[in-house]
Amino acid sequence: MTFGEQPAYLRVAGDLRKKIVDGLLPPHTRLPSQARIREEYGVSDTVALEARKVLMAEGLVEGRSGSGTYVRERPVPRSVARSGFRPDGGATPFRQEQADAAARGTWESSSEQTVASGAIAERLGIRPGDRVMCTKYLFRESGEPLMLSTSWEPIAVTGRTPVMLPEEGPLGGMGVVERMAAIDVIVDNVTEEVGARPGLAEELLALGGVPGHVVLVVQRTFYASGRPVETADLVIPADRYRVSYHLPVR
């Protein structure tokens, strides 16, 4: 193989991908069989199999038990709007994470005290093993899973206060900014870092994704006078959503 030449299985996968994107193989159409690919492209069974694996890993096709491999429906990506920590129209966990005022959604959550891992301790500026309140959320829009969130707050900040449990008490179900303000902790800054990785099996199960699918991960941290008071990982299915930032020009 000369420099720059693609392996045969990638060339075959690329041609099949183009047919899917161009509509020559529309959704729910059965993908050509391994034998058909071998004959049409003049390749070995191994190359045909690897080409099909590439399309499956990309989420373009799916296997159906006892039936074959079919082209998947391609969802039209929707937007998850991010606009900082001061949402308009209500300080709820959903509105904090989806700033589009037209979006309406619900959430499920559970909280428990645990100890900070090394990575979380570094993000919160505390020591590994310090107590934190960990809250896990599943957000839905129109009943469809939208994102997962895992949040950590130092017990040293919220312990023995009315806001120690994010979803309980007088400010249960409010956003981080409002809850912290109730205990005289004024959030004045937020940072977000966006990355991508293959989704974990349990994440994709909750989000309705296919094994191997990529997820977007937003690592978000709230600060009060330079001190981290909450950090969270938001996990969003990359095949169905785009993260859109609306930031003021100062």
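The values are calculated or read from the model by the stated rules, or taken from the named source; none is laboratory data. Everything quoted here is computed from the prediction, not taken from an experiment. Ideal geometry is used to build each Cβ from the backbone, glycine not excepted, and the neighbour counts take in all protein chains shown. SASA here: full protein model, heavy atoms, side chains in, ligands and nucleic acids out. Shrake-Rupley method; radii C 1.70, N 1.55, O 1.52, S 1.80 Å.
One table, with the values for the structure above:
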{"read-out": "Matching option when the condition is out of contact with any Pro (no Cβ under 6 Å at 6 or more places or on another chain), β-branched (Val, Ile, Thr), without any contact (Cβ under 8 Å) to a residue 24 or more places away in the chain and exposed (fewer than 15 other Cβ atoms within 10 Å of the Cβ), among 249, 217", "value": "249"}
{"read-out": "So residue 194, is it open to solvent by 50 Å² or more (accessible area, probe 1.4 Å) and of a type in the set (A, V, I, L, M, F, W, C)", "value": "yes"}
{"read-out": "Some residue of segment 8-22 being in a loop (DSSP other than H, G, I, E, B), closer than 23 Å to residue 214 by Cα and without any contact (Cβ under 8 Å) to a residue 24 or more places away in the chain", "value": "yes"}
{"read-out": "Residue ID - least open to solvent (accessible area, probe 1.4 Å), chosen from residues in segment 101-114 that are hydrophobic (A, V, I, L, M, F, W, C) and in a loop (DSSP other than H, G, I, E, B)", "value": "103"}
{"read-out": "Within segment 90-100, considering residues that are assigned to a loop (DSSP other than H, G, I, E, B) and out of contact with any helix residue (DSSP H, G or I) (no Cβ under 8 Å at 6 or more places or on another chain), the one least open to solvent (accessible area, probe 1.4 Å)", "value": "98"}
{"read-out": "Tally of residues being part of a loop (DSSP other than H, G, I, E, B) and either hydroxyl-bearing (Ser, Thr, Tyr) or crowded, with 21+ Cβ neighbours inside 10 Å (or both) across segment 158-170", "value": "3"}
{"read-out": "Counted residues, segment 115-157 - those being open to solvent by 20 Å² or more (accessible area, probe 1.4 Å), in a strand (DSSP E or B) and either without any contact (Cβ under 8 Å) to a residue 24 or more places away in the chain or closer than 19 Å to residue 93 by Cβ (or both)", "value": "11"}
{"read-out": "Output for segment 136-158, where each listed residue is at pLDDT below 95 and more than 19 Å from residue 102 (Cα to Cα)", "value": "none"}
{"read-out": "Residue in segment 25-33 that is open to solvent by 60 Å² or more (accessible area, probe 1.4 Å) and either modelled with pLDDT of 90 or more or farther than 24 Å from residue 240 by Cα (or both) present", "value": "yes"}
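Quick grid of which residues meet (1) aliphatic (A, V, I, L, M); (2) over 15 Å from residue 152 (Cβ atoms); (3) modelled with pLDDT under 90:
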| site | (1), (2), (3) |
| --- | --- |
| 168 | no, yes, no |
| 194 | yes, yes, no |
| 203 | no, yes, no |
| 211 | no, yes, yes |
| 214 | yes, yes, yes |
| 234 | yes, no, no |
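Results for (1) open to solvent by 70 Å² or more (accessible area, probe 1.4 Å); (2) part of a loop (DSSP other than H, G, I, E, B); (3) of a type outside the set (A, V, I, L, M, F, W, C), shown as yes or no for each residue.
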| position | (1), (2), (3) |
| --- | --- |
| 38 | yes, no, yes |
| 46 | yes, no, yes |
| 53 | yes, no, yes |
| 59 | no, yes, yes |
| 69 | no, no, yes |
| 74 | yes, yes, yes |
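Conditions tested, residue by residue: (1) in contact (Cβ under 8 Å) with a residue 12 or more places away in the chain; (2) out of contact with any Lys or Arg (no Cβ under 7 Å at 6 or more places or on another chain).
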position	(1), (2)
25	yes, no
36	no, yes
51	yes, yes
55	yes, no
60	yes, no
66	no, yes
74	yes, yes
81	yes, yes
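Rundown of residues vs (1) among the β-branched types (Val, Ile, Thr); (2) more than 16 Å from the chain's Cα centre (by Cα), yes/no style:
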residue: 170; (1), (2): no, yes
residue: 190; (1), (2): yes, yes
residue: 216; (1), (2): no, no
residue: 219; (1), (2): no, no
residue: 233; (1), (2): no, no
